[in-house]
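The values are calculated or read from the model by the stated rules, or taken from the named source; none is laboratory data. Small disclaimer: the values here were computed from a predicted structure and weren't measured. Cβ sites come from the backbone with ideal geometry, for glycine too, and all protein chains shown count toward neighbours.
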Amino acid sequence: PALVINARYDPVHPLAQGQKLASGIPDAELLVYDTANHIPIPGHRLWDRYVEDILSFLNDA
């Protein structure tokens, strides 16, 4: 299994790149966050969701 995480408004790694990557990996899951930060950090409004999503993916893998 593979988890691809992308920010919808990331100027460095556009969403199209994440979509292309995920579509090229069988059974990949793509998560898109409504932010420009390609990696949420502690204190960011999406941090808790980011951690929960990763833990959920790992538990299901």
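Per-structure values
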{"quantity": "Qualifying positions in the range 30-61 - within 13 Å of LEU3 (Cα to Cα), surrounded by 11 or more Cβ atoms within 10 Å (Cβ to Cβ) and polar (S, T, N, Q)", "calculated": "SER56"}
{"quantity": "Failed criterion for ILE25 (all others in (1) in contact with a strand residue (DSSP E or B) (Cβ under 6 Å, 6 or more places away or on another chain); (2) at pLDDT 95 or above hold)", "calculated": "(1)"}
{"quantity": "Filtered residues of the range 10-29 (kept if assigned to a helix (DSSP H, G or I) and surrounded by 11 or more Cβ atoms within 10 Å (Cβ to Cβ))", "calculated": "LEU15, GLN17, GLY18, GLN19, LYS20, LEU21, ALA22, SER23"}
{"quantity": "Inter-residue pairs, beta-carbon under 6 Å, first on the phi < 0 side of the Ramachandran plot and in the range 3-22, second surrounded by 14 or more Cβ atoms within 10 Å (Cβ to Cβ) and part of a helix (DSSP H, G or I), 6+ apart", "calculated": "LEU3/PHE57; VAL4/GLY18; VAL4/LEU21; VAL4/ALA22; ASN6/LEU15; ASN6/GLY18; ARG8/LEU15"}
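One line per residue, one yes/no per condition, for (1) among the basic types (Lys, Arg); (2) part of a helix (DSSP H, G or I); (3) more than 13 Å from the chain's Cα centre (by Cα):
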{"residue": "VAL4", "(1), (2), (3)": "no, no, no"}
{"residue": "LEU31", "(1), (2), (3)": "no, no, no"}
{"residue": "ALA36", "(1), (2), (3)": "no, no, no"}
{"residue": "VAL51", "(1), (2), (3)": "no, yes, no"}
{"residue": "LEU55", "(1), (2), (3)": "no, yes, no"}
{"residue": "ASN59", "(1), (2), (3)": "no, yes, yes"}
